[in-house]
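Everything below concerns the one structure shown next.
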Amino acid sequence: MKSIYDYSLKDLEKYFLSIGEKKFKAVQIYDWLYKKRVDSFEEMTNLKQELIKHLIEQFSFEHLEILSRLDDVDVYKYLFKLNDGNKIEAVLMHHDYGNSLCVSTQVGCNMSCAFCESGRLKKVRNLIPSEMILPILQIERDLKIRISHIVLMGIGEPFDNYENVMKFLDIVNEPKGIELGSRHITISTCGVVPKILDFMDNDKQVNLAISLHASNDNLRNKLMPINKVYNLQLLLNTIKKYVAKTNRRVTLEYIMLKDVNDSISHARELADLVKGINCYVNLIPYNETSHIEFKKSSKERILKFYDCLKRNNVNVTIRREFGSKVMAACGQLRSNYEEGS
Ligand code: SAH
């Protein structure tokens, strides 16, 4: 049975028309689900008993089980159990500008980035929209907060699960529902070029971040196998097209890996690469994991890299570090849980 949380408002409107009901029932249901946040169809008191009975037969209302929650300064890391037993992570971060939630898009990931914990567990399946929506509702309830920002930077490659992720964006963005503004949502991809183009044409007004992590093809091939399919030149040309068409600035994420991609010559190479592109570079201190050999660059090294980019007129920021105590690196919690360590 499909979850009621898998439906966009438009889908529900279509559904009600198809069973000979009025379209506005969909708005009423959205109001109960996402504004009043009830837990059952029975609580939807402005619907007729007959319709409630019908909905109970047609849709599931189940929430996800919260398996664990790890707390650290300004960060909460959740492990959820899906209805088929698979597990996913979500990380809530308190910022001075609001609460942001890092959402997973797949169980496991097939992109095999060398530094990333998620890829150690290969993709089992795509998440469906309800499995990305429910963590938002449940964490808001658990912590008694409102989430103001969403980043699709958890486990999985969002552009390897394009249709479900687009539906998720429609649901979360709906003014009659959760009403999270598209400019407060960021989708991050390792660089699946054809989907970046689809996303550009889709015009959802959602921010786009690209995991770059290297300043030349040689290095990027080693770190991110996707680069062998869509190399840097192709990726950057695509980003230029995207910026020209959407008029939106793109974020380029760059993990700082000790002695791998963090020298001044890398910084210069990176500055050349992004010259003329309306973007900003986000330097990410690497979150070390016990399973992978990469080490984080020292603060000093990161600052030197940062200065070099600045001097070369690149817009650049350094990401605040969160939750190294709670294993906030992508995929860490789940893989530790699976291994019982
Ligand atoms: N597949 C998407 C989104 C998931 S990863 C993507 O590649 O963009 C979100 C970001 O976290 C990516 O930039 C990823 O490269 C980065 N990341 C993965 N492991 C990390 C770690 N251990 N420390 C810091 N960032 C990491």
* Structure fact -> Dipole check, the chain, charges on Cβ (K,R +1; D,E -1), about Cα centroid: among His94, Thr238, Pro175 the Cα furthest to the positive pole belongs to Thr238
* To do: Find which of Leu82, Val103, Ala114 sits farthest along the positive direction of the dipole of region 54-148, computed with +1 on the beta-carbon of Lys and Arg, -1 on that of Asp and Glu, about the Cα centre.
  => Ala114
* Please get the size of the charge dipole for region 90-237, origin at its Cα centre, with Cβ charges of +1 on Lys and Arg and -1 on Asp and Glu, quoted in debye to the nearest 20. => 360 debye
* Roughly to the nearest percent, how much of the accessible area of the chain is carbon and sulfur, given a 1.4 Å probe? -> 48 percent
* Structure fact -> Check: C-alpha center region 28-67 vs C-alpha center region 79-140, spacing in Å is 24 Å
* Asked: What list of ³J(HN,Hα) values in whole Hz, one per residue of region 144-149 in order, does the Karplus curve 6.51 cos²θ - 1.76 cosθ + 1.60 (θ = phi - 60°) give from phi, with Gly and Pro shown as x?
  -> 6, 9, 10, 8, 9, 9
* Asked: Near Lys304, which aspartates and glutamates are there with a Cα under 12 Å away, not counting those fewer than 8 places off in the same chain?
  -> Asp262
* Asked: At a probe size of 1.4 Å, how large is the accessible area of Leu303, to the nearest 10 Å²?
  -> 90 Å²
* How large is the accessible surface per residue of region 93-234, computed with a 1.4 Å probe and reported in Å² as a whole number? -> 36 Å²
* Structure fact -> About its Cα centre, the chain carries a charge dipole, from +1 on Lys and Arg Cβ atoms and -1 on Asp and Glu Cβ atoms, whose size in debye to the nearest 20 is 920 debye
* Asked: Sequence-distant or interchain residues sharing an amide H contact under 5 Å with Ser68, placed H: which?
  -> Leu79
* Asked: Beyond 15 Å, what share of the Cα-Cα pairs of region 2-60 remains, rounded to the nearest whole percent?
  -> 44 percent
* Asked: Counting pairs of alpha carbon atoms under 8 Å apart in space and at least six apart in sequence, what relative contact order in percent does the chain give?
  -> 15 percent
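The values are calculated or read from the model by the stated rules, or taken from the named source; none is laboratory data. Bear in mind that the values here come from a model prediction, so they are computed numbers and not experimental data. FYI the Cβ positions are ideal-geometry reconstructions off the backbone, even for glycines, and counts take in every protein chain you see. Ligands, DNA and RNA are stripped out before the accessible areas are found, and what is left, the full protein with its side chains, is counted by its heavy atoms. Shrake-Rupley method; radii C 1.70, N 1.55, O 1.52, S 1.80 Å.
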